[in-house]
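One structure is given here, and the rest of the page talks about it.
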Amino acid sequence: MENCEAFTKPQQQRSRDALSRVVTSAVSLFSRQSFAATRVSDIAQHAQVPVGTVYQYFADKEALLLGIFAGYRDCRMREIRTICASAEARDATPRQLIALHLNIVFSAFTQDAGLLRLIELRRLEDAHMHRKQSEANDEVASLFAELLIPKMPDRDAHELRRQVLYVHSIIRGAVVWSILPPGGEMGRGLQITDADFANEALQMSLRYLGIEG
């Protein structure tokens with residue numbers, strides 16, 4: 001989450017390193033032993049900093065968690081906007097765009113499963129978190145819909161936007177469930193690491209959108 005606006009960066013490199021260790025340690029501990037079970041002192045010990053250093057940047061454990069969420073969301077959305085604005089995305093075929101769209105979903109939940117599990121669990125309790133995450137999901141679907149529309153001029157633009165949003169929401173929902181239980185989804189072919197999961201999701205999406213596979 002380097003260069004994220006959610007964090008005020010200290011001027012000195014030593015302090016920036018300490019902040020980075022605090023954030024990394026908090027993500028690791030929250031993911032491994034839950035937010036409720038993690039104390040600020042645990043985070044400080046893991047980060048090898050005094051407890052006061054944590055409070056220097058965050059009012060409490062809650063503020064640290066929200067800062068992590070905001071930082072991750074901001075950085076992830078900036079990456080996706082950059083991808084969608086690239087020449088490669090603009091020149092891609094409809095099939096390639098849908099494959100790219102779903103790869104963004106699957107790669108995030110493969111690389112950042114612990115943090116995303118925290119975010120999704122938090123959404124169940126925090127209306128603000130739920131709204132912000134929903135807004136981000138809507139933006140991702142909209143970015144890809146706007147890339148698809150000029151490539152599919154025979155299709156109604158409003159209907160295509162609606163369908164892309166459904167694809168994003170349904171596939172992402174299935175992927176969320178695959179990582180939500182601590183041990184992951186046990187159903188055959190439905191684990192996030194199963195290649196068939198991503199491939200079948202792509203084929204289903206292409207059929208629903210009426211795009212040749």
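Since every read-out is calculated from the coordinates, none of them should be taken as a lab result. No experiment lies behind these values; they were computed from the predicted model shown. Cβ placement follows ideal geometry from the backbone for every residue including glycine, while neighbour counts extend to all protein chains displayed.
Could you tell me how far the Cα centroid of the stretch 185-213 sits from the Cα centroid of the stretch 44-103, in Å?
So the separation of the two Cα centres works out to 25 Å.
Using the Cα centre as the reference, give the magnitude of the dipole from point charges on the C-beta atoms of the stretch 1-141 (Lys, Arg: +1; Asp, Glu: -1; all else neutral), rounded to the nearest 20 debye.
I would put it at about 220 debye.
How long are the semi-axes of the equivalent ellipsoid of the chain, taking √(5λ) for every eigenvalue λ of the Cα gyration tensor, in whole Å from largest down?
Computed over the chain, the values are 36, 20, 14 Å.
Can you work out the Karplus-derived ³J(HN,Hα) for every residue in the stretch 32-44? Use 6.51 cos²θ - 1.76 cosθ + 1.60 with θ = phi - 60°, whole Hz, and x for glycine or proline.
Karplus values, whole Hz, x for Gly and Pro: 7, 10, 6, 5, 4, 7, 8, 9, 4, 5, 5, 5, 4.
Once phi is turned into ³J(HN,Hα) by the Karplus curve 6.51 cos²θ - 1.76 cosθ + 1.60 with θ = phi - 60°, what whole-Hz value does each residue of the stretch 16-25 show in order, with x for glycine and proline?
Values per residue, Gly and Pro as x: 5, 5, 5, 4, 4, 5, 4, 5, 4, 5 Hz.
Whole-Hz ³J(HN,Hα) for each residue in the stretch 134-147, computed from phi via Karplus 6.51 cos²θ - 1.76 cosθ + 1.60 with θ = phi - 60°, x for glycine and proline: what do you get?
5, 4, 5, 4, 4, 5, 4, 4, 5, 4, 6, 4, 5, 6
Which Cα, out of Gln45, Ala136, Leu121, lies furthest along the positive dipole direction of the chain (beta carbon charges, K/R +1, D/E -1)?
Gln45
For Asp17 and Thr193, FRET efficiency with R0 = 41 Å and r from the beta-carbon atoms, rounded to 0.05?
0.80
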